[in-house]
1. Conditions: (1) at pLDDT 95 or above; (2) out of contact with any helix residue (DSSP H, G or I) (no Cβ under 7 Å at 6 or more places or on another chain). A60 meets all but one. Number of the miss?
2. Residue under question is I30, and the condition is that it be among the aliphatic types (A, V, I, L, M), surrounded by 11 or more Cβ atoms within 10 Å (Cβ to Cβ) and either in contact (Cβ under 8 Å) with a residue 60 or more places away in the chain or farther than 30 Å from L105 by Cα (or both); does it hold?
3. Please go through the range 54-63 and pick out each residue that is β-branched (V, I, T) and surrounded by 10 or more Cβ atoms within 10 Å (Cβ to Cβ).
4. Among the residues of the range 94-102, are any surrounded by 10 or more Cβ atoms within 10 Å (Cβ to Cβ) and either of a type in the set (D, E) or under 28 Å from T4 (Cβ atoms) (or both)?
5. Enumerate the helices (runs of 4 or more DSSP H) found wholly within the range 19-93, keeping only those where 3 or more residues are among the polar types (S, T, N, Q) and farther than 22 Å from M7 by Cα.
6. Taking the condition among the charged types (D, E, K, R), on the phi > 0 side of the Ramachandran plot and open to solvent by 60 Å² or more (accessible area, probe 1.4 Å), does K24 pass?
Amino acid sequence: MSITSAMVLFAFFFTIMLIYWRPKGMNESIPATIGALIVIASGAVNVSHLMDISVKVSGAAMTIISTLVMALVLESIGFFHWIASLLVQRSNGSGIRLFWHTNALCLVASKVL
């Protein structure tokens with residue numbers, strides 16, 4: 001086993017251990033960043049690999065970030081509370097109708113948004 005492979009394995013197990021252990025409530029991003037820096041320092045990943053990965057995941061990352069921002073804005077204006085109340089009111093106490101109304105809302109939201 002080469003030193004590069006050993007460092008990558010160490011970084012992986014070190015990162016996983018810290019993520020599961022979470023000493024003093026440590027955020028998951030800290031051990032992930034440390035592990036990434038160890039892998040980069042080992043030479044297993046170079047700058048061209050990082051640029052290639054960035055290009056491939058940038059669209060998906062922007063979609064996830066914009067979805068989170070949209071959810072925060074909708075939550076701040078009370079949209080989710082309003083729509084939940086509306087669905088309960090339209091269901092007239094029927095769990096089956098509430099189920100189908102919720103599914104219809106998800107369908108509309110995924111097609112419109």
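The values are calculated or read from the model by the stated rules, or taken from the named source; none is laboratory data. These figures come from a predicted structure and were not determined experimentally. Using ideal geometry, Cβ is built from the backbone for each residue, glycine included, and neighbour counts are taken over all protein chains shown. The accessibility values were calculated without ligands, DNA or RNA, using every heavy atom of the protein model including side chains. Shrake-Rupley method; radii C 1.70, N 1.55, O 1.52, S 1.80 Å.
1. Of (1) at pLDDT 95 or above; (2) out of contact with any helix residue (DSSP H, G or I) (no Cβ under 7 Å at 6 or more places or on another chain), only one is false for A60: (1).
2. yes
3. Selection gives V57, T63.
4. no
5. 47-76, 79-91
6. So K24 fits the description; yes.
Let's see how each residue does on (1) farther than 20 Å from S110 by Cβ; (2) open to solvent by less than 80 Å² (accessible area, probe 1.4 Å):
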position: L9; (1), (2): yes, yes
position: I19; (1), (2): yes, yes
position: N46; (1), (2): yes, yes
position: H49; (1), (2): yes, no
position: D52; (1), (2): yes, yes
position: F79; (1), (2): no, yes
position: S85; (1), (2): yes, yes
